[in-house]
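Structure, as structure tokens:
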Amino acid sequence: MTDYAEPAWAEPVWDGEDFPPPPEDDWAPPEDPYFASAAPFDAGRPAAAQAGYAAPPPAQARPASAKFASAAEALHTVFGYDSFRGEQAAIIDQVSAGGDAVVLMPTGGGKSLCYQIPALLREGTGIVVSPLIALMQDQVDALNAVGVRAAYLNSTQDPGTRAAVERAYLGGDLDLLYIAPERLGTEQAKQFLARGHIALFAIDEAHCVSQWGHDFRPDYLALGELAERWPDVPRIALTATATEATHKEITSRLHLERAEHFVSSFDRPNIQYRIVEKNEVRKQLLDFIRTEHAGDAGIVYALSRATTEKTAAFLQANGLNALPYHAGLDAGVRARTQSRFLREDGVIVVATIAFGMGIDKPDVRFVAHIDLPKSVEGYYQETGRAGRDGEASTAWLAYGLQDVVQQRRMIDQSPGDIAHRRRMSAHLDAMLALCETVECRRVNLLSYFGQPSRPCGNCDTCLAPPASWDGTVPAQKLLSTVVRLRRERNQSFGAGQIIDILRGKQTPRTTQHQHETLATWGIGGDLGDQQWRGVVRQLLAQGLVASTGDYGTLAMTEAGGEVLSGARTVSLRHEPERTASRSTRSSKQTAALADLSPADVELFEALRAWRGATAKELEVPAYIVFGDATLRAVAAAKPRSLAELDGISGIGAKKLESYGDALVTVVTAFG
């Protein structure tokens, strides 16, 4: 039996019948005041603002020259790879030749190369529009590490640093320049960029332009003007998450009607999708991490800020390296948490949706949701942060009756108009369908994005198929109880009280209301409490009952009336017994090292130790030095010279120069 340590102030499991739902954590990127009033490149800046600032010279700007004759040369020399994946080559050809492109490609599919290489092939500087101010430093560090001249402009820089970046851009000394969309929307920023030579515009996280999407950012709407202002500069819009409707909205709002469209499969075969019935969710989460992902980096998502803090404290109390993250924390705390997650091994971040977009950490081994996501798009985007390196990873979701009640209530109380609430309901219905399916999770997930597929063999419903059962009679029993309470007594209750009546459970509340005199008292004793909660959850998901009012009381819907009258049957799913075994963890650990001998594995670990020390010395995340795949290749090849290192995947010219001698030293010293 597992022992758990609860923080002294840990609250009981939340019950929506007694407490209001947790607040939503709507997050937008931090305001970047860089261009807010008088921009650094505005000659009329106040004298005080010019302290320590050297304005860019008014001399004629020079374009950055093209660096390589071909995309293949750039791929091998800079990034150390010999071949492109999927449609990368076609996308790069399109943009390098001056054409526009819309790219839908899953996380880990190599989207960044689709604009980084064209920027190296074209004259001028590639402008990358990214909403991720806090991550720009790491993005730039990763490019600098492979010899690409990259920089960013945002509010985190002092005036002298910004001035140096501006001079580099105007002097043709930058291959790529990162800027946030809210800043690019200002006239000062556009005037400044117009003084230089632009190779291309890359609009990252392009789904943020969708007004009805899960990550809408109003500043993205202004990016459509780029087509009018720079009609001859190619633009590429990229996202890992887009339904057909979002795809059309990206095309329309960014004026990319003439662009070539590249839609890759959204399948992430290395991710195992698992959805479990929620029952003491923090303990379930702890068991999942301990048995399957001990020592791994992971992200845990929750809907409320309070839940992130309490869950992180619970995991800490049980010996895990867990940190909370949400928009209400001090900016410095958030920055330190993000830095630790990126730079240290085995850190778990418990977060709201304020965390994760653009996180380039390749070895996140699991993403867990302890609350139901609001949409399939959000779920796919968040789970996609696991396994960017292609190694086996897990997307784990705990889902229960109260999630459905809570989400329905949040929709009902939404300040939006009826059309907005209908859209939110449609998003929730699709998410519930994914949770309740008896078919392959991956088939359901991909079909939501309009992509057909076959059962994957790597999700819970494939590995342990749930059985369906005829739930018509239990549904009728529950619906009859709901109707009798309303008609005979003008009463309505939440799921807990209805289940107590069905099971004939004497409580102070049932006694107070004399519920033992109801005709349906005790007629559901053939099912346990947890089974009845599963029935209610599935009836809510199927729209046969509705959760109403501030307390989530149950009401029968029109469709439920058809069930009660016998005109409609109900099919429910049995939850199969699933117990995680420690062998699951060991098999995942060894799968990535299956091609290495025991001696090679020891060398691999020695190389990882060297990488960790080097990254710490350079104050960069370990993956910026080398990814695990490259270190495995080094361990297998055992190169004894720089010449033997050349050609190993992931080692380009700059990294060979920077780290080659050290790698050879580690290999040689190992014997």
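No value in this document is a laboratory result; all are computed from the given coordinates. On a predicted model such as this, the values are computed, not experimentally measured, just so you know. Note: ideal-geometry Cβ built from the backbone for every residue, glycine included; neighbour counts use all protein chains shown.
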### Message
Compute the orientation-averaged projected area for segment 388-542 from the convex hull of its Cα atoms and round it to one decimal in nm².
### Response
12.6 nm²
### Query
Sorted from fewest to most neighbouring beta carbons within 10 Å, what does the list 179, 250, 359 look like?
359, 179, 250
### Task
Whole Å is fine, so just give me how far the alpha carbon centre of segment 140-210 lies from that of segment 328-371.
25 Å
#### Entry: Gain upon complete extension [residue 605, residue 418; 0.36 nm per residue less C-alpha separation]
61.6 nm
#### Entry: Per-residue Cβ neighbour rank within 10 angstrom, fewest leading, 462, 435
462, 435
### Query
Between residue 555 and residue 509, 0.36 nm times their residue separation minus their Cα-Cα distance comes to what?
14.6 nm
### Query
Hey, what angle do you get for helix 653-670 against the long axis of the chain, alpha-carbon based, 0 to 90 degrees rounded to 10?
70 degrees
### Summary
Placing +1 on each Lys and Arg Cβ and -1 on each Asp and Glu Cβ in segment 186-324, then taking the dipole about the Cα centre, the residue among 317, 220, 284 whose Cα reaches farthest towards the positive end is 317
#### Entry: Pairwise label distance in nanometres, residue 426 with residue 261, each label 7 Å out on the Cα-Cβ vector
1.7 nm
### Task
For segment 502-553, just the Cα set please: Rg and Dmax, both in angstrom.
12.5, 32
### Task
Quick one: net charge around residue 453, please, counting Lys, Arg +1 and Asp, Glu -1 for every other residue with C-beta under 15 Å from its C-beta.
+2
### Length-normalised contact order of segment 104-247 in % [C-alpha pairs under 8 Å, at least 6 apart]
32 percent
### Query
Can you tell me the Rg and Dmax of the chain, counting just the alpha carbons, in angstroms?
27.6, 91
### Query
Where the centre of each part is set by its Cα atoms, how far does segment 271-318 sit from segment 381-431, in angstrom?
17 Å
### Message
How would 208, 456 line up from fewest to most surrounding beta-carbon atoms within 10 angstrom?
### Response
456, 208
### Message
Under 18 Å between alpha carbons, and skipping anything fewer than 8 positions from residue 283 in its own chain: which lysines qualify?
### Response
310
### Task
Could you calculate the FRET efficiency of residue 638 with residue 317 from 1/(1 + (r/R0)^6), where r is the beta carbon distance between them and R0 is 45 Å, rounded to 0.05?
0.55
### Task
At 7 Å along the Cα-to-beta-carbon direction for both residue 484 and residue 453, put a label point, then send me their distance in nm to one decimal.
4.6 nm
### Task
Sort segment 237-332 into rounded, prolate or oblate with this rule: let a ≥ b ≥ c be the square roots of the eigenvalues of the Cα gyration tensor; rounded if a/c is under 1.5, and if a/c is not under 1.5, prolate when a/b is larger than b/c, oblate otherwise.
prolate
### Task
Can you find, among 327, 427, 157, the residue farthest towards the positive end of the dipole of the chain? Put +1 on the C-beta of Lys and Arg, -1 on that of Asp and Glu.
427
### Task
Give me the orientation-averaged projected area of the Cα convex hull of segment 468-573, in nm², one decimal.
6.2 nm²
#### Entry: Charge dipole magnitude, Cβ of K and R +1, D and E -1 - the chain, Cα centre, debye nearest 20
480 debye
### Task
Taking H placed 1.01 Å from N in the peptide plane, check which residues at least 5 places from residue 518 or on another chain put their amide H under 5 Å from its amide H.
none
### Task
Take the Cα atoms of segment 46-263, build their convex hull, and give its volume per residue in Å³.
118 Å³
#### Entry: Charge dipole (debye, nearest 20) of segment 271-463; +1 at Cβ of Lys and Arg, -1 at Cβ of Asp and Glu
320 debye
### Query
Which shape class, rounded, prolate or oblate, goes with segment 284-400 when its Cα gyration tensor gives a ≥ b ≥ c as root eigenvalues, a/c under 1.5 marks rounded, and past that a/b bigger than b/c marks prolate?
rounded
### Task
Give the residue from 495, 65, 236 lying farthest towards the positive end of the charge dipole for the chain; charges sit on Cβ (+1 for Lys and Arg, -1 for Asp and Glu) and the dipole is referred to the Cα centre.
495
### segment 593-670 - charge dipole about Cα centre, Lys and Arg +1 at Cβ, Asp and Glu -1, debye rounded to 20
60 debye
### Computed over segment 352-406, Cα set: Rg, Dmax in Å
11.9, 37
### Task
In nm, give the distance between the simple-model label positions of residue 283 and residue 469, each being 7 Å from the Cα along the Cα-to-Cβ direction.
2.3 nm
## Note on the structure
Reduced to Cα centres, the span from segment 486-517 to segment 84-133 in Å works out to 61 Å
